[in-house]
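I have placed the structure first, in the form of structure tokens, so that the comments after it can refer back to it.
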Amino acid sequence: MNETPVYKVGYAALAGRPNVGKSSLMNCFLNQKLAIVSPRPQTTRHRILGIMNGPDHQVILMDTPGLMEPQYLLQEAMAKTAVSAFGEADIVLLLLEATGINADDERVIEAVTQTGLPVLLVINKIDLVDRRTLLPLMQQLHEQGLYREIIPISALKRDGIEALQRTVITHMPAGEPFYPPDMITDEPERFFVSELIREKIFLQYGQEIPYATAVIIEEFKERPGRKDYINADVYVERSSQKAILIGKNGRALKRLGQSARQDIEEMLDRPVFLDLNVKVGKKWRRDPRMMKRLGY
């Protein structure tokens, strides 16, 4: 007699310090870009839920902001978002870099292992090291006795992703799916539009500008037979930052709008008219009222 396959379903929180590749890993799992990425740390500010569906599983991935010591109110909110994901999770995927472990990693390891949740240790960016240096690192981590399994990967090269997916599914509890099988996230389109604009700001501007910037979608109109209309406000903290964001004769803002619009149209699979406005929200990262208005 053939046994009925066991359906696995559960929540997996992605954890680690900033810029270890959590968002890139989520995008690999889903085979599409859901979470924004940039070479700079602290790009992710929200918990982003991505749903990996298969015939015998549904794994709900939670990408979270990087764990760090908060320096201001926005970072405190980001830290609370990351920690709150542990309360929903069945398992934690703890990401470290193959290039080595620093003091920030040690603090993250302590915070994650204290949750009491099963932890899969994911060593990312193995494409950056000689494989001969990887084994001693894995042995060192294995001797800590804190992890269910240790899996080396490169999210950038998609090396080891399938093995990691199989491991995650194995550790999920049996159950019934929580979401429809064609659903990949619980966030609305306008959330991802604002995230794509933020991503382009991280990629286009240097210094403090990306960290002092927030994006809110004021209007999102679907117009059958015409381009969708999207009105987005980009907030910065100072007038000098506003001038940099706009650029001479508005050229920098125009370049930002063109770049963001291309990705937005690709995501929505339809043409859009993107109207960007730059506003000053004085010290918004330290103002609880402004942060609430901006969705933090």
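Around K33, under 11 Å between beta carbons, what's the net of Lys plus Arg minus Asp minus Glu among the other residues? Once all neighbours under 11 Å are counted, the net charge is -4. Could you pull out the GluC sites (Glu not before Pro) across region 99-196 that fall in loop regions by DSSP (anything but H, G, I, E, B) with no more than 10 other Cβ atoms inside 10 Å? Filter output for region 99-196: E143. The value of relative contact order for the chain, using C-alpha pairs under 8 Å at least six residues apart, is 18 percent. Start at zero, step by 10 Å, and the Cα-Cα distances of region 189-293 spread as 15, 49, 29, 7, 0 percent across the bins. In this label model, R166 and D287 are separated by 5.4 nm, measuring between points 7 Å along each Cα→Cβ vector.
With each run of n ≥ 4 DSSP H residues scored as -39500 (n - 2.57), what mean residue ellipticity at 222 nm is computed for the chain after dividing by its residue count and rounding to the nearest 500 deg cm²/dmol? That comes out to -11000 deg cm²/dmol.
Looking at region 33-191, the DSSP beta bridges with both ends there are about 45 percent antiparallel.
Based on the Stokes-Einstein relation at 4 °C and a viscosity of 1.567 mPa s, and on the Kirkwood radius from alpha carbon pairs, the chain is assigned a translational diffusion coefficient of 63 µm²/s. Is the shape of region 8-170 best called rounded, prolate or oblate, per the rule: a/c under 1.5 gives rounded, else a/b larger than b/c gives prolate, else oblate, with a ≥ b ≥ c the square roots of the Cα gyration tensor eigenvalues? It is rounded, given that a/c, with a ≥ b ≥ c, falls under 1.5. Couplings 3J(HN,Hα) of region 112-127, computed from phi: 6, 5, 6, 5, x, 7, x, 10, 9, 8, 10, 9, 9, 6, 5, 5 Hz, in residue order, whole Hz [Karplus 6.51 cos²θ - 1.76 cosθ + 1.60, θ = phi - 60°; x for Gly and Pro]. Considering region 113-216 at the alpha-carbon level, its Rg and Dmax are found to be 18.8, 47 Å. Each Lys or Arg adds one and each Asp or Glu subtracts one; over the other residues with Cβ under 9 Å from the Cβ of N231, this totals -3.
Here the relative contact order of region 228-296, from alpha carbon pairs under 8 Å that lie six or more residues apart, stands at 49 percent. For the chain, the longest principal axis of the alpha carbon atoms and the long axis of helix 131-142 meet at an angle near 70°.
No value in this document is a laboratory result; all are computed from the given coordinates. Computed from a predicted model, the values in this text were never measured in an experiment. Every residue, glycine as well, gets a Cβ built from its backbone with ideal geometry; the counts of neighbours run over all protein chains shown.
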